[in-house]
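Chemist: Take this structure, written in structure tokens, and hold onto it; I'll ask about it next.
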């Protein structure tokens, strides 16, 4: 019997081969999208979960006015011991876990390795799995441990114990297990050299802590936020500590190098779910129409002894075959898209990992789809011969389901297109807007040179000035947070209110050359000639003025030493976090270590040109730079990734909707061929028949637009509110989308109905 069901099911799928192919491809794309997005979200939320007792480990951070996010994971070296001495809820604490990159040259090949520098207390918080050797490296700075993967990579099957380390004057004394899925993944690990600065305001590493089981975390967090310490001058100062679960740090406080923010990944999951639902709706609509067309077949089967269960099994057999084919094609599509997905997500795992995870997600979706389909089809299986002939309830049900499904697809497609256009506008606006405070971001700051003798610095400058296509500049300093930040507290300023407290400001040095080079904007006052004298004349940014509450900042004084000479427009490098208060002192003396240049065309080409030109005089010359434009692009990486995802999703949804409309029109024409023939006999033209069908689909399009546009607007408005600089939502977006969708629907419907209307009506009526 099962063999019979499978054969019949396969024949029916072949009979409607166009609709079957469209359904399989749509479902396959939906399965892959949902599987990859679900796997990505799960991967991002499971960092460091493999550690023993990871749920009791926390990362300690502090509030920081120097960081735009208001948070810093870099803490004082005194914090760990203070926490152990002060809070009985804390079982252990350690300071260090600082990751440094080292280079090792062997046989002319240079490799980079990540070394983690730790305290001897590190393993009490995060245990290390020792595979070979001893834990002596925790106590001796001359000894290091390496991971199993690194040991195999360097030494093969040979034991590395006792071998010279990859750093100077170190010996390998242990092999430990790799941390693959961790924020703190490393190749080498060794003892940290203790910091000489025992100051609460000095920070160079991270503090991790482990709490005792059953700790009231809400109460502990409150006590840590209210924590006070005694500074080196004997004063009691506030030192609020923010603790974040180790397993949540990756997405709660992502680094600036994060590929894409967790909120955008969650949005990608929702998008993928909508794609799956759209593909399922597309298929089920067509399937129900085909069932309606086969109602006489069901009635005859029941007359000949078929049970309702048997009919359901026949229908389910078709679904199983189709879902199995969609599953296999989905795996093929995943193989094609895997390189691009790895690049986008930054997930560096082998292919087996992806296929295993994807198979789980796709199987879950298929099971849910089968259940939904079974529930939908259950109603259809209970028709007698008489109801199958009349079939008015079934027709009514099918028509409603068909309209709802098509409306759902159109609404999703319109929403996706609208959101994609707005995101493209926002990304373009962020890249080009004058609100960033920098008019010329295409500037490279030179931060390191090699191969130039110290006494030949002036000759190197002369050579750089001669290179064609390169505009070289000597500057006093870089007025941007490149290479770290420094700052100081301000506790006194003109017109200070009693309720106002001290705050920290970024401390930058600036010159007229750097100001002009970057195209910074002076919105009030004048550029001071220098900052010598008392009070020192300085520049401040808009955020500083807002913090002090000054309405007329020119001439105002603060810290009993500085006087405001001018106000600079905020340099808005981060798209989502407002600029921090900053003070700019004028430096008139160009430094041989502070240089910059602009170029035309590609940076890599410009770099090769510079190195080739200079190497004629200095053969070992190398240059390293930091780009303002790249800094901005890195901060927009998540937005670019989201836009790519949404663009692909929009294209997929449009294609699924087009396929769905085409298939529905085809089935509808097949189902209504007698109606079309009778209309033609009664004088209806092809144009009249096309208009009849168009009215129905245009009505659904109008209803979809009524829902999609307000929904898309609300979503995008809330999304834009997370940005400091926002693009306006243009009215032409609505018009353009509607025109495109109408053209697509008209083309799809018109061509198919034109084919159906050209048939001989006499033949159609006769065959009926």
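The values are calculated or read from the model by the stated rules, or taken from the named source; none is laboratory data. Because the structure is predicted, anything quoted here is derived from the model rather than measured. Glycine gets a Cβ as well: all are built from the backbone with ideal geometry, and neighbour counts include every protein chain shown.
Chemist: With (1) more than 22 Å from residue 414 (Cα to Cα); (2) in contact with a helix residue (DSSP H, G or I) (Cβ under 7 Å, 6 or more places away or on another chain); (3) assigned to a helix (DSSP H, G or I) as the list, and residue 725 as the residue in question, which single condition is left unmet?
Modeler: For residue 725, the exception is condition (3).
Chemist: While we're here: State whether one or more residues within segment 459-468 are within 35 Å of the chain's Cα centre (by Cα) and either assigned by TED's automatic domain parsing to the domain that holds residue 554 or more than 25 Å from residue 575 (Cβ to Cβ) (or both). Don't jump to the end; show me each part of the working.
Modeler: Residues of segment 459-468 within 35 Å of the chain's Cα centre (by Cα): none.
No - not one qualifying residue is present in segment 459-468.
Chemist: Given the structure, is residue 227 modelled with pLDDT of 70 or more, under 30 Å from residue 185 (Cβ atoms) and not assigned by TED's automatic domain parsing to the domain that holds residue 403? Spell out the reasoning first.
Modeler: Values: modelled with pLDDT of 70 or more: yes; under 30 Å from residue 185 (Cβ atoms): no; not assigned by TED's automatic domain parsing to the domain that holds residue 403: yes.
Judged against the criteria, residue 227 is not a match.
Chemist: Grab the strands (runs of 3 or more DSSP E) fully contained in segment 488-590, keeping just those with 3 or more residues being within 37 Å of the chain's Cα centre (by Cα).
Modeler: Values: elements: 503-510, 522-525, 536-541, 562-568, 582-586.
The qualifying strands (runs of 3 or more DSSP E) are 503-510, 536-541, 582-586.
Chemist: Report the residue count in segment 523-545 for those that are out of contact with any helix residue (DSSP H, G or I) (no Cβ under 8 Å at 6 or more places or on another chain) and closer than 14 Å to residue 570 by Cβ.
Modeler: Of the residues in segment 523-545, the ones out of contact with any helix residue (DSSP H, G or I) (no Cβ under 8 Å at 6 or more places or on another chain) are 524-526, 528-545.
Now restrict to residues that are closer than 14 Å to residue 570 by Cβ: 524, 539-545.
Qualifying residue count for the region: 8.
Let's see how each residue does on (1) surrounded by fewer than 18 Cβ atoms within 10 Å (Cβ to Cβ); (2) farther than 27 Å from residue 245 by Cα:
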site: 136; (1), (2): yes, yes
site: 145; (1), (2): no, no
site: 152; (1), (2): yes, yes
site: 157; (1), (2): yes, yes
site: 161; (1), (2): yes, yes
site: 174; (1), (2): no, yes
site: 181; (1), (2): yes, no
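Chemist: Right, something else. Is at least one residue of segment 364-383 within 37 Å of the chain's Cα centre (by Cα), within 20 Å of residue 41 (Cβ to Cβ), surrounded by 16 or more Cβ atoms within 10 Å (Cβ to Cβ) and modelled with pLDDT of 70 or more?
Modeler: yes
Listed here are the residues, each with its yes/no results for (1) surrounded by 17 or more Cβ atoms within 10 Å (Cβ to Cβ); (2) in contact with a helix residue (DSSP H, G or I) (Cβ under 8 Å, 6 or more places away or on another chain); (3) closer than 30 Å to residue 644 by Cα; (4) at pLDDT below 90.
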| position | (1), (2), (3), (4) |
| --- | --- |
| 187 | yes, yes, no, yes |
| 199 | no, no, no, yes |
| 221 | no, no, no, no |
| 255 | no, no, yes, yes |
| 261 | yes, yes, yes, yes |
| 267 | yes, yes, yes, yes |
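Chemist: Also, I was wondering about something else. Kindly list, by first and then second residue, each pair from a residue in segment 426-451 that is free of Cβ contacts under 8 Å to residues at least 24 places away in the same chain to a residue that is in a helix (DSSP H, G or I) and buried (at least 18 other Cβ atoms within 10 Å of the Cβ), limited to pairs with Cβ atoms under 8 Å and residues at least 6 apart or on different chains.
Modeler: none
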